[in-house]
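Okay, so here's the structure we're looking at.
The values are calculated or read from the model by the stated rules, or taken from the named source; none is laboratory data. Because the structure is a prediction, the values reported are computed rather than measured. Virtual Cβ from ideal backbone geometry, glycine too; neighbours counted across all protein chains shown.
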Amino acid sequence: MKTFFKKIYNIIPNGIICLVIISSIFALLGVKMGASNLINTIMNTAHDLLINTVFYLMAICVITGAIGKLFTEFGVVELFESILRPLMKPLFNLPGMASLGGVLAFLSDNPAVIGLAKDKRFASHFKKFQLISLTNFGTAFGMGLLVIVFMIGQGFYVAPILGLLGACIGCVVSTRLMQYFVLKEYPKYKTEDACDYEHEEEEKEVKGHKSMFQRILDALLDGGKTGVDVGLAIIPGVLIISTMVMLLTFGASTTGEYTGAAYQGVEFLPWIGAKLSGVFDFLFGFHDPHLIAFPITALGAVGAALGLIPNFIEQGWIDGNAIAVFTGIGMCWSGFLSTHTAMLDTLGYRELTSKAIIAHTIGGLVAAIVAHLLFLVYSLF
């Protein structure tokens with residue numbers, strides 16, 4: 001049977017297969033909503049997300065980008081790195097230098113770790129298995145500052161911090177699991193250095209003297225420009241992924257009819273959530289089946305997942321526990337399905353991508369469960 005389908009796949013052009021799949025999806029949605037209503041809902045939802053969510057997220061990106069650059073310019077990042085350094089070996093089995101990658105990823109995004117990992121001076125502190133696991137370590141903190149600031153902006157203050165703690169635990173699990181998988185596949189990586197680097201005396205770049213005011217201004221403006229780039233980068237994810245997820249999450253209008261307005265859909269994900277409600281309630285404390293849309297979306301893009309929250313709040317589905325879980329799983333996963341492959345490919349270990357994805361999937365689930373448990377403990381006081 002498998003051979004038969006493989007032959008069919010080789011005979012039929014890929015374009016036809018793509019058309020059949022896309023047409024089937026839209027036909028199923030169109031039968032339920034009506035073709036014109038479906039198209040109008042897609043356009044209206046995407047437009048509303050762009051105006052009311054993307055620009056808000058971009059503003060946060062600009063501010064957090066400026067703060068992050070300011071921290072880098074005046075040594076705050078190095079201060080955090082020195083404070084966190086003693087925790088690296090016992091918790092993550094990584095050299096102290098790895099903490100710099102975690103801080104930079106928290107202030108920016110997952111790929112910040114790759115820039116460091118490609119630096120021979122940085123990589124020379126790692127064994128091969130440690131450097132490979134750095135992708136899981138850094139991804140667990142990607143866009144962390146953006147996620148926390150966004151949650152606080154929605155009126156939640158303690159829950160995001162509990163979610164951050166959950167993400168830290170999830171990061172430990174993901175990083176350690178990845179190291180286990182790598183060493184099981186390549187035992188020799190335990191003793192092999194990640195790279196050879198001769199500590200030669202390097203030419204120091206001669207910089208003109210800048211006043212304190214000029215350094216602050218340059219840091220704020222340069223960081224703000226970086227924030228704009230991040231804000232632009234999340235637009236496709238928010239508009240495409242969030243729109244599709246919302247089509248599968250929300251229902252018809254209050255009258256039960258489809259009108260083509262924004263945020264209408266077929267309630268497919270809540271149907272799945274209702275079937276598994278006992279599991280999600282036990283593990284994450286989700287009391288509404290619609291909430292599973294957030295972790296599913298975060299797998300592809302955490303910015304898109306954040307775009308769901310204002311509407312969830314408006315519908316009354318969100319509570320402090322959900323925010324804690326969203327923060328934990330949102331930070332830990334933070335679009336890792338779309339970045340892990342590229343990150344490991346850049347490092348030259350593409351064949352280990354599946355291992356990294358398995359480890360990080362488990363780590364994200366652990367982050368959500370821990371965030372839920374922490375919120376339960378917090379609720380007792």
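Please work out which residue is nearest to the chain's Cα centre (by Cα), limiting yourself to region 280-290 and to residues that are in a helix (DSSP H, G or I) and among the hydrophobic types (A, V, I, L, M, F, W, C).
Top of the filtered list is Phe284.
Out of Ala301, Ala293, Ala305, I need the residue that is more than 11 Å from the chain's Cα centre (by Cα) and either among the hydrophobic types (A, V, I, L, M, F, W, C) or over 18 Å from Pro160 (Cα atoms) (or both). Which one?
Going through Ala301, Ala293, Ala305 in turn, just one is more than 11 Å from the chain's Cα centre (by Cα) and either among the hydrophobic types (A, V, I, L, M, F, W, C) or over 18 Å from Pro160 (Cα atoms) (or both): Ala293.
Residues in region 185-219 that are assigned to a loop (DSSP other than H, G, I, E, B), surrounded by 10 or more Cβ atoms within 10 Å (Cβ to Cβ) and at pLDDT 85 or above: how many?
Total meeting the criteria: 2.
Go through region 294-320 residue by residue and tally those that are in a helix (DSSP H, G or I) and surrounded by fewer than 24 Cβ atoms within 10 Å (Cβ to Cβ).
10
Have a look at Val76, Val113 and point out the one that is buried (at least 18 other Cβ atoms within 10 Å of the Cβ) and β-branched (Val, Ile, Thr).
Val113
Taking the stated definitions as given, is Gly227 closer than 23 Å to Met151 by Cα, part of a helix (DSSP H, G or I) and touching a Cys at 6+ places or on another chain (Cβ under 7 Å)?
Criteria met by Gly227.
I need the full set of residues from region 207-232 which are without any contact (Cβ under 8 Å) to a residue 60 or more places away in the chain and of a type outside the set (Asp, Glu), in order please.
Hits for region 207-232 are Lys207, Gly208, His209, Lys210, Ser211, Met212, Phe213, Gln214, Leu217.
Condition first: part of a helix (DSSP H, G or I), touching a residue at least 24 places away in the same chain (Cβ under 8 Å) and either hydrophobic (A, V, I, L, M, F, W, C) or over 26 Å from Ile309 (Cβ atoms) (or both). Now tell me which residues in region 60-81 satisfy that.
Matches in region 60-81: Ile60, Cys61, Val62, Ile63, Ala66, Ile67, Lys69, Leu70, Phe71, Thr72, Glu73, Val77.
Could you list, ordered by first residue, the pairs with Cβ atoms under 9 Å in which the first is in region 329-358 and within 10 Å of Thr135 (Cβ to Cβ) and the second is at pLDDT 85 or above and charged (D, E, K, R), at least 6 apart or interchain?
Between residues of region 329-358 that are within 10 Å of Thr135 (Cβ to Cβ) and residues that are at pLDDT 85 or above and charged (D, E, K, R), the close pairs are Leu344/Glu351; Tyr349/Lys128; Leu352/Glu185.
Would you mind stating whether Leu57 is closer than 27 Å to Thr135 by Cβ, touching a residue at least 40 places away in the same chain (Cβ under 8 Å) and in a loop (DSSP other than H, G, I, E, B)?
In short, no.
Going through region 322-381 one residue at a time, which ones are outside any helix (DSSP H, G or I) and small (Gly, Ala, Ser)?
Listed by number, the residues that qualify are Ser334, Gly335, Gly348.
Looking only at residues in region 82-101 that are free of Cβ contacts under 8 Å to residues at least 60 places away in the same chain and either touching a His at 6+ places or on another chain (Cβ under 7 Å) or crowded, with 18+ Cβ neighbours inside 10 Å (or both), which one is farthest from Val147 (Cα to Cα)?
If we take residues in region 82-101 being free of Cβ contacts under 8 Å to residues at least 60 places away in the same chain and either touching a His at 6+ places or on another chain (Cβ under 7 Å) or crowded, with 18+ Cβ neighbours inside 10 Å (or both), then Pro95 is farthest from Val147 (Cα to Cα).
Can you tell me which condition Gly155 does not meet? The list is (1) at positive phi; (2) in contact with a strand residue (DSSP E or B) (Cβ under 9 Å, 6 or more places away or on another chain), and all the others hold.
Looking at each condition in turn, Gly155 falls short on (2).
Kindly indicate which of Leu84, Leu49 is of a type outside the set (Gly, Ala, Ser), assigned to a helix (DSSP H, G or I) and within 28 Å of Tyr263 (Cβ to Cβ).
Sole residue among the options that is of a type outside the set (Gly, Ala, Ser), assigned to a helix (DSSP H, G or I) and within 28 Å of Tyr263 (Cβ to Cβ): Leu49.
Residues Val182, Val147: which one is over 17 Å from Met88 (Cβ atoms), touching a Phe, Trp or Tyr at 6+ places or on another chain (Cβ under 7 Å) and surrounded by 21 or more Cβ atoms within 10 Å (Cβ to Cβ)?
Criteria check complete, one pass: Val182.
Gly251 versus (1) outside any helix (DSSP H, G or I); (2) free of Cβ contacts under 8 Å to residues at least 12 places away in the same chain: which is the lone unmet condition?
The single condition Gly251 does not satisfy is (2).
Among the residues of region 97-149, which ones are modelled with pLDDT under 85, under 16 Å from Glu192 (Cα atoms) and in a loop (DSSP other than H, G, I, E, B)?
Hits for region 97-149 are Ser124, His125.
Any idea how many residues of region 150-165 are part of a helix (DSSP H, G or I) and either in contact with a His (Cβ under 8 Å, 6 or more places away or on another chain) or among the hydrophobic types (A, V, I, L, M, F, W, C) (or both)?
Within region 150-165, residues that are part of a helix (DSSP H, G or I) and either in contact with a His (Cβ under 8 Å, 6 or more places away or on another chain) or among the hydrophobic types (A, V, I, L, M, F, W, C) (or both) number 9.
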